[in-house]
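The values are calculated or read from the model by the stated rules, or taken from the named source; none is laboratory data. Source: prediction; values computed, not measured. In this analysis, Cβ positions are derived from the backbone assuming ideal geometry, glycine residues included, and neighbour counts consider all displayed protein chains.
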Amino acid sequence: MIKNFKRKKGFTLIELIIVIAIIGVLSAIAVPKYIGIQNDAKVNADIASAKVIVDATNMLIGEEKIILPTSVDITVLLGGTNTGNAVTVNTAITGYLQSVPTPKATSAENFTVVIDSDGVVSATATATATTTGI
């Protein structure tokens with residue numbers, strides 16, 4: 001009498017271990033790439049926000065709502081505590097923007113806007129998120 005043995009279907013332990021190892025290697029490669037992409041996106045968002053701030057400040061200078069400084073540069077901390085002429089400039093810029101952007105890539109709380117006597121405006125959160133416009 002010949003017994004009819006049915007073959008069991010499924011994966012062996014070796015096959016499962018190999019698949020788990022491959023998944024582990026792929027995740028070890030993908031996770032750092034994903035984190036790097038997130039950091040790049042945050043830096044790019046800060047650069048875009050700085051450009052918007054510079055453009056808004058240049059518009060206000062063009063409309064003569066902000067008067068250019070004659071000797072000392074005006075440094076304004078957007079949304080922060082300012083003194084002297086910087087208070088007026090801060091009010092003008094924050095009133096012009098729909099909302100005051102905050103830096104995403106750094107621990108800085110606000111953007112700093114500097115207006116010099118030549119009319120050059122720069123907005124900075126960090127060294128990587130700086131833009132300058134005339």
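I'm trying to understand the selection: among the residues of region 14-67, which are of a type in the set (K, R) and part of a helix (DSSP H, G or I)?
From region 14-67, those of a type in the set (K, R) are 33, 42, 51, 65; that's our starting set.
Residues satisfying the conditions are K33, K42, K51.
The rows are residues; the columns are (1) out of contact with any Lys or Arg (no Cβ under 6 Å at 6 or more places or on another chain); (2) surrounded by 11 or more Cβ atoms within 10 Å (Cβ to Cβ); (3) at pLDDT 90 or above; (4) not basic (K, R).
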{"residue": "K9", "(1), (2), (3), (4)": "yes, no, no, no"}
{"residue": "I14", "(1), (2), (3), (4)": "yes, no, yes, yes"}
{"residue": "I18", "(1), (2), (3), (4)": "yes, yes, yes, yes"}
{"residue": "V25", "(1), (2), (3), (4)": "yes, no, yes, yes"}
{"residue": "G36", "(1), (2), (3), (4)": "yes, no, no, yes"}
{"residue": "A41", "(1), (2), (3), (4)": "yes, yes, yes, yes"}
{"residue": "K51", "(1), (2), (3), (4)": "yes, yes, yes, no"}
Could you list, in sequence order, the residues of region 70-84 that are more than 19 Å from T124 (Cα to Cα) and in contact (Cβ under 8 Å) with a residue 24 or more places away in the chain?
T70, S71
Among the numbered conditions (1) touching a strand residue (DSSP E or B) at 6+ places or on another chain (Cβ under 7 Å); (2) among the acidic types (D, E); (3) exposed (fewer than 11 other Cβ atoms within 10 Å of the Cβ), tell me where D73 comes up short.
(3)
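Pull up region 94-124, narrow it to residues that are of a type in the set (A, V, I, L, M, F, W, C) and within 17 Å of the chain's Cα centre (by Cα), then point me to the one that is modelled with the lowest pLDDT. Lay out the reasoning, then the answer.
Just the residues of region 94-124 that are of a type in the set (A, V, I, L, M, F, W, C), to begin with: 97, 100, 105, 108, 111, 113-115, 120-121, 123.
Next, from what is left, pick out any that are within 17 Å of the chain's Cα centre (by Cα): 100, 105, 108, 111, 113, 123.
Details: V100: 88, A105: 87, A108: 82, F111: 91, V113: 92, A123: 91.
Across region 94-124, the extreme among qualifying residues is A108.
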Just give me the residues in region 68-85 being within 15 Å of G119 (Cα to Cα) and outside any loop (DSSP other than H, G, I, E, B), in sequence order.
I74, T75, V76
Does A86 meet the test of being in contact with a Lys or Arg (Cβ under 7 Å, 6 or more places away or on another chain) and hydrophobic (A, V, I, L, M, F, W, C)?
no
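Please verify whether region 50-66 includes one or more residues that are of a type in the set (K, R) and farther than 28 Å from P103 by Cα.
Within region 50-66, the subset of a type in the set (K, R) is 51, 65.
Restricting the remaining residues to those that are farther than 28 Å from P103 by Cα gives none.
Scanning region 50-66 turns up no residue that is of a type in the set (K, R) and farther than 28 Å from P103 by Cα.
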